[in-house]
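Encoded as structure tokens, the structure appears first; notes follow it.
Here, each number is a calculation from the coordinates, and none is a lab measurement. A quick note: this is a predicted structure, and the numbers were derived from the prediction, not measured. Ideal geometry is used to build each Cβ from the backbone, glycine not excepted, and the neighbour counts take in all protein chains shown.
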Amino acid sequence: MSLPEQQLNVLLTNGWWQHLDSVSDTALASEPDSSLAIASKGFVCLRDGRTDEARDLFHDSLAIDASDVVARIGLFNLHYQDANFAEADKLIMDLLQDMPHEPGLHAAQCRLYAIFASRERTEKTIQQAVHLHPESEELRTIELYHAYKGKDQAKKTELSLDLLQLDPENFLAHLILGQARIRERDFESAEHHLQTCMSLAPSENSARMLKYLEVARSGKGAWRLAAWAYRRKIMKLLFPRHYLRKRVKLKWDR
């Protein structure tokens, strides 16, 4: 593997997308038939919204090396973004067959199933993934989010406490515990968790929840409204609506 290809691996592994274009060009200049470099250019196009170009580049990469992992993951992301969930499912299943112990792939599968699969299938997949990777913060967060949509309050609290052992600044865990403590009328603990939410993700919603807490603390009986209203908002905050629309947008953080 050439030096530019090694650099591409580092960039892709860490999600440093802003450098991917130039390093891909360097790799292609030295090795025009590099499947990795071609697939990396596909990711650049996908990030920029040029989905047709991205699709062509991913297929070009696979024509050179049918096992190229980057190209296959790229196609998975493309199908996911286009809400072509059946094709995305086939790709992630094939990838997991080749790399059954890769936590990132298990997390991608769980997120995919949370959108289009049944609750039972999603729960089974999450349980299997967490069993394989009990220390994965990402998988634990997905597990908690899935439980959050259910009605088992004790399970939500237990999972939240477990997750905070791995990730003390997990927003969702603090939110759920804040709501739970309001129901229990443990207002001091509720304030701690909700203030943490506010510091992690300052927003109008977090501020509103703290106001609801003060109303509940005053004894006016509005805590049920507070928990209900904030539950309605959390879907937009953590999993925006565009994840459920026809076109699912990917996040390019760096």
Please go through region 35-71 and give me each residue that is within 14 Å of ASN9 (Cβ to Cβ) and acidic (Asp, Glu), ordered by number. ASP68
What residue, among those in region 177-220 that are farther than 19 Å from GLU158 by Cβ, of a type in the set (Gly, Ala, Ser) and in a helix (DSSP H, G or I), is farthest from the chain's Cα centre (by Cα)? ALA216
So PRO100 ticks every box in (1) in contact with a Leu (Cβ under 9 Å, 6 or more places away or on another chain); (2) surrounded by 14 or more Cβ atoms within 10 Å (Cβ to Cβ) but one. Which box is left unticked? (2)
Residue list for region 42-60, restricted to those being part of a helix (DSSP H, G or I) and surrounded by fewer than 24 Cβ atoms within 10 Å (Cβ to Cβ): VAL44, CYS45, LEU46, ARG47, THR51, ASP52, GLU53, ARG55, ASP56, HIS59, ASP60
Which residue pairs have Cβ atoms closer than 7 Å, lie 6 or more positions apart in sequence or on different chains, and pair a first residue in region 17-28 that is more than 15 Å from ALA54 (Cα to Cα) with a second residue that is surrounded by fewer than 16 Cβ atoms within 10 Å (Cβ to Cβ)? GLN18/ARG254; ALA27/SER2
